[in-house]
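A short reminder: the numbers here are calculations on the coordinates, not readings from a lab. Quick caveat: nothing in here was measured; it's all calculated off a predicted structure. Every residue, glycine among them, receives a Cβ derived from its backbone with ideal geometry; neighbour counts consider all protein chains shown.
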Amino acid sequence: LLVVIFLLIILDVFNIYKFIGSHSLQCFYTAVMQGINFPEFTAVGMMDGQQFDYYDSNIRQAIPKVDWIKNNVGPEYWSRNTQISQGTEPSFKVAIKTLMECFNQSGGIHTVQKMFGCELDDETGATDGYSQFGYDGADLISLDLRSTSYVAPVPQAAITKQKWDGATAEYTKNYLIQECIYWVKKYVQYGKISLERKVPPQVSLLQTDPSSPVVCHATGFYPDKVMISWQKDGQDLHEDVDVGETLPNHDGTFQKRAELKVTPDERKKNQFTCVVEHKSGDPIHMILTEEKIRTNSAGTGASRQNHQSSYFKVPLIEVFIEPVYNKCLAQGHNGSKWDSKAGLLVHRRVCYPLGYYRPGTPHQSSHNYLRGWSSGLLRTHHSPHGPSATPA
């Protein structure tokens, strides 16, 4: 569950979903150094924000996580995905060591991550896709689908970009917009009842005390794609607004929040409204009034006195998110200090489990490593988990 929560957070923070009325498939791989209480290698598949399969280096087997996949594929499906993950695992472990050489690191806890996936718009048929690698919480290299070329934000990945631009980029793009989309459609057939159900959000206005930000909290909705915004006198408000992450609830639904920093004087002079848009129905408009606010502190309104939202009872960041960060990553390149907010790859797509690396060769020098990684051409696995590009 912790892995899934973190994946959803990153997906949401960087707005991976381009289409509101869409279906999306995400695949993730994550490898971490030995020495922490977390599997060295994990693989996760998610459909519309719902985890449907899992593999890690401890269990050494791909397993179903939902009934709709369990009831619609045979043993050969799981055997194939197990073989792919087992074959990928060694190259990720090698990649950590060789990337440490690239970044002149001699110790610490480090991670190599990949995420890729695709999205299909139900109404227009439009598609989108992505493929991205990360190291120690930072971008390493990613595919720009529009230009069909790779983006290398760090010099250590420059040689890889040179090698992958061209045939590898074209192959990956074709996979993302063709075979990956095929699996999206297939999974929708398998899990239509579950994946296409629509549950509307319940919206509340929350506040810890009169001087703290007002939180517009939407919960209990499905699917996970939702838009929450604040308006001031009918106009969209962007300043002093902090939109949070989409988080899973225990029952398979989701929750999200948007904070508004506003003074009591401003609230008296203007009308502030929280707008929640979800595919389950018309937008929900919640006008900010004293009576509608739920808070931890005593107040005059009945809701302020009698209703303490579960949002305040469960410190989500402390309970769920920090352990994931802390188990998977240390701050900086020397790994000398834990940092719960600098951990896993926080970028446009995810920190992750799942992507497919080609089983690698022993690492050499840091320069030779990048050349070797660059030349690892993608292969088709005939799997929803897609092509295999190996940093090894």
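Can you work out the Karplus-derived ³J(HN,Hα) for every residue in the stretch 49-65? Use 6.51 cos²θ - 1.76 cosθ + 1.60 with θ = phi - 60°, whole Hz, and x for glycine or proline.
Whole-Hz 3J(HN,Hα) from phi for the stretch 49-65: x, 10, 5, 10, 8, 7, 8, 8, 6, 7, 7, 6, 7, 6, 10, x, 10.
Can you run phi through the Karplus equation (6.51, -1.76, 1.60; θ = phi - 60°) for the stretch 161-178 and list ³J(HN,Hα) in whole Hz, with x for Gly and Pro?
Using θ = phi - 60°, the values come out as 4, 4, 6, 7, 4, x, 4, 5, 4, 5, 4, 4, 4, 4, 4, 5, 9, 10 Hz.
Compute the length gained on full extension between V154 and F103: take 0.36 nm times their separation in residues and subtract their Cα-Cα distance, giving the result in nm to one decimal.
Full extension from V154 to F103 adds 17.3 nm.
May I ask which of K65/K97; K70/K93; K232/K292; K70/K173; K256/K292; K97/K161 have a Cα-Cα span longer than 26 Å here? Before the final figure, lay out the partial values.
Values: K65/K97 31 Å; K70/K93 30 Å; K232/K292 17 Å; K70/K173 29 Å; K256/K292 18 Å; K97/K161 20 Å.
Table pairs above 26 Å Cα-Cα are K65/K97; K70/K93; K70/K173.
Order the peptides 50-61, 69-80 from the highest to the lowest mean number of other Cβ atoms within 10 Å of their residues.
50-61, 69-80
G244's amide H: which non-local residues (gap 5+, or another chain) put their own amide H closer than 5 Å, with H modeled 1.01 Å from N in plane and none for Pro or chain starts?
Amide H neighbours of G244: R257, A258, E259.
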